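To keep things clear, I will list the structure first and then write my remarks on it.
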Amino acid sequence: MNKTHHNPQTATGDSTSPGPAWHGLSADDAIRTLGSDARAGLSAAKAAARLQSVGPNTLSAREGRSWLAAFGSQFAAVLVWLLLVAAGVSAVLGEWVDAGAIAAIIVINAVIGASQEHSAERSIAALRGMTAPKARVVRGGVVAVVPAAEIVPGDVLVLEAGDLVAADARLIESVSLAAIEKSLTGESEPAEKDARAVAPPAPADTPLAERSGMVYSGTAIATGTARAVVVATGMQTEMGRIAALIAGAETDGPTPLQARLARVGRLLVVASLVIVAGLFALGLLRGEPLLELFMTAVSMAVAAVPEGLPAIVTVALALGVRRMARRRALIRHLPAVETLGATSVICTDKTGTLTVGQMTARALVVPGAEGGTRAGTTLTTLDVSGEGYAPEGAVTCAGSELIEGVRGAALRLARNLAGVNNATVMQEKSSPPPSSG
């Protein structure tokens, strides 16, 4: 890693200290430095102690605003300030109906905006919980599936094609390994990895794309299998460094609609002041009483304020949010709908999709067999039911049980599939055996 990174663990895992350039160390040296074991990994007790010391393997995220904070932010617009002044002046003039109507519009506008933002925050938090990643690690010599947040430096990751890498790690062993690192390097092609790769001088500023002995958090395994010892977690990872840069960036400016509404508000303020000053000057020239003249001028200024504009804009944006929600799109802030509507070109690619990472076979194609005889020129498609890794489901042919010849072909195919992969299934909770009585 580069010089700005620090390893969150010493070899004993008891304190925070600067770490070496992990990509320049051999696998054995990295394991010794982290106080781990290539085969047994960390013990459960040692992993728990390190987790307590370094914290969870998560990126710092800005917490969402409370409902009250979101409610208060709705009063930041110039037009809303103008309406508040208009409501106050109406109350002073004794126009309680007008003052109440304007105040109700302001409150309803703020409630709608705050409720929408709070609802989006809850939905986003629920999505984060549903998509919380997990990883396979070696704990006490046993491969276990743990939440990615519980991974600590020194853990040994077990990786295979399709896995997301949960932390920065130094490869221990690898077979035909390639990783998709476009989120870090921008390279569209998978990068070849080799556990034996060590740059001879191992400079700390070796470009990330050239660190063949490392895998990084947030990348994906394209091909091959590997074991790797975790060297950095959370905000100490390369992805954490990017998150820190993003968190320190300035917030975006107003949307086009917000900018236009702000201009309208400023124009109305100027227009109101001009009206008040003009009427007051004309009244003085005509010798009108000062109090009556002042009340008339202020009433005209208040009448120039479009009380219904904020409510109309808020309702229109809320309807847009509802339509986006029907299409499974979450909008956190109401003005974002208008920005999205002003977009004419969206550049994207096939990456970044949300999946559960559980590929399920839906059909098997085997040599057909009539009356138990093999017919190599005839193919039969079998339907497979079941979801994910659950050991439940059935193999049927057109909704019926398999005939003898097809069943034999299906079993041969299943044996072949089992022999050419390293997948394992572990039952977490075993059901009690049925009673004989």
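Read-outs: derived from the displayed coordinates by stated rules, not from any lab. Please read all numbers here as calculations on a predicted model, not as lab measurements. Here the Cβ positions follow ideal geometry from the backbone for every residue, glycine too, while neighbour counts run over all protein chains shown.
Peptide packing for 148-159, 412-423, 279-290 was compared via the average number of neighbouring C-beta atoms within 10 Å per residue; ordered from the highest value, the list is 148-159, 279-290, 412-423.
In terms of packing, defined here as the mean over residues of other Cβ atoms within 10 angstrom, the peptides 382-388, 405-411, 167-173, 215-221 line up highest first as 167-173, 215-221, 405-411, 382-388. Once amide H atoms are placed 1.01 Å from N in the peptide plane, what residues at a sequence separation of 5 or more from Asp163, or on another chain, have their amide H within under 5 Å of its amide H? Answer set, sorted by chain and number: Ile221. For segment 259-266, 3J(HN,Hα) computed residue by residue from phi via the Karplus equation (6.51, -1.76, 1.60; θ = phi - 60°) reads 5, 5, 5, 5, 5, 4, x, 5 Hz, glycine and proline entered as x.
For segment 143-154, putting each phi into the Karplus relation 6.51 cos²θ - 1.76 cosθ + 1.60 with θ = phi - 60° gives couplings of 6, 10, 9, 10, x, 4, 5, 9, 6, 10, x, x Hz, in residue order, rounded to whole numbers and with x for Gly and Pro. Extension gain for the segment Trp81 to Arg266, taken as residue separation times 0.36 nm less the Cα-Cα distance, is 65.5 nm to one decimal.
Note that segment 234-243 has calculated 3J(HN,Hα) couplings of x, 6, 7, 7, 4, 5, x, 5, 5, 4 Hz, one per residue in order, obtained from phi through the Karplus relation 6.51 cos²θ - 1.76 cosθ + 1.60 (θ = phi - 60°); glycine and proline are x. If the chain linking Met295 and Glu387 were pulled fully straight, counting 0.36 nm for each residue of separation and taking away their Cα-Cα distance, it would gain 25.7 nm.
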